[in-house]
């Protein structure tokens, strides 16, 4: 993922449990991971991902997790985050599945800015 500068990580239940420290989210950001799709997130890790500008998504149907394999090419188009349901195309196996986000309006703005630091930097520059 680091070589390509982008990627989507797929995880199981309570993703990020016991790794809620900021460093775990920073590693995802460093590797170029922009989106993580899981069955569920550990609460603190989810927040740290958002603060790092990584979009946390949850499978709409948990059984879709079992249809994915390492190396599948996934395509996601996120023009805006107003709808909490997003379609993802598995280009390898030729099917579409749905994920959802549970972002507040403030969290949406943080994700769009690329993380908490850019969010507040932009906010401060607009005030000046």
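The values are calculated or read from the model by the stated rules, or taken from the named source; none is laboratory data. None of these values were measured; they are calculated from a predicted model. Cβ placement follows ideal geometry from the backbone for every residue including glycine, while neighbour counts extend to all protein chains displayed.
Determine whether residue 50 is assigned to a helix (DSSP H, G or I), out of contact with any strand residue (DSSP E or B) (no Cβ under 9 Å at 6 or more places or on another chain) and either without any contact (Cβ under 8 Å) to a residue 60 or more places away in the chain or surrounded by 16 or more Cβ atoms within 10 Å (Cβ to Cβ) (or both). So residue 50 fails the test.
In this structure, residue 34 does not qualify as surrounded by fewer than 16 Cβ atoms within 10 Å (Cβ to Cβ) and either over 24 Å from residue 120 (Cβ atoms) or in contact with a strand residue (DSSP E or B) (Cβ under 9 Å, 6 or more places away or on another chain) (or both).
For region 20-31, residues that are in a loop (DSSP other than H, G, I, E, B) and touching a helix residue (DSSP H, G or I) at 6+ places or on another chain (Cβ under 6 Å) total 1. Scanning region 53-76 for residues that are part of a strand (DSSP E or B) and farther than 18 Å from residue 18 by Cα returns 55, 57, 58, 59, 74, 75, 76. With respect to the conditions (1) more than 21 Å from residue 102 (Cα to Cα); (2) surrounded by 14 or more Cβ atoms within 10 Å (Cβ to Cβ); (3) out of contact with any strand residue (DSSP E or B) (no Cβ under 9 Å at 6 or more places or on another chain), residue 68 falls short on a single one, namely (3).
Scanning region 32-44 for residues that are out of contact with any helix residue (DSSP H, G or I) (no Cβ under 7 Å at 6 or more places or on another chain), without any contact (Cβ under 8 Å) to a residue 60 or more places away in the chain and within 24 Å of residue 61 (Cβ to Cβ) yields 33, 34, 35, 38, 40, 41, 42, 43.
Kindly list the number of the only condition in (1) over 22 Å from residue 24 (Cβ atoms); (2) at pLDDT below 95; (3) out of contact with any helix residue (DSSP H, G or I) (no Cβ under 6 Å at 6 or more places or on another chain) that fails for residue 70. The single condition residue 70 does not satisfy is (1). Pairing residues of region 55-82 that are at negative phi with residues that are exposed (fewer than 15 other Cβ atoms within 10 Å of the Cβ) and not in a loop (DSSP other than H, G, I, E, B), at Cβ distances under 6 Å and at least 6 apart in sequence or on separate chains, gives 58/100; 60/98; 60/100. Restricting 63, 82, 109, 75 to residues that are surrounded by 11 or more Cβ atoms within 10 Å (Cβ to Cβ) and more than 21 Å from residue 6 (Cβ to Cβ) narrows the list to 109. I need the full set of residues from region 83-104 which are part of a loop (DSSP other than H, G, I, E, B) and in contact (Cβ under 8 Å) with a residue 40 or more places away in the chain, in order please. Across region 83-104, the qualifying residues are 101, 102, 103. Taken as a whole, region 105-121 holds no residue that is on the phi < 0 side of the Ramachandran plot and in a loop (DSSP other than H, G, I, E, B).
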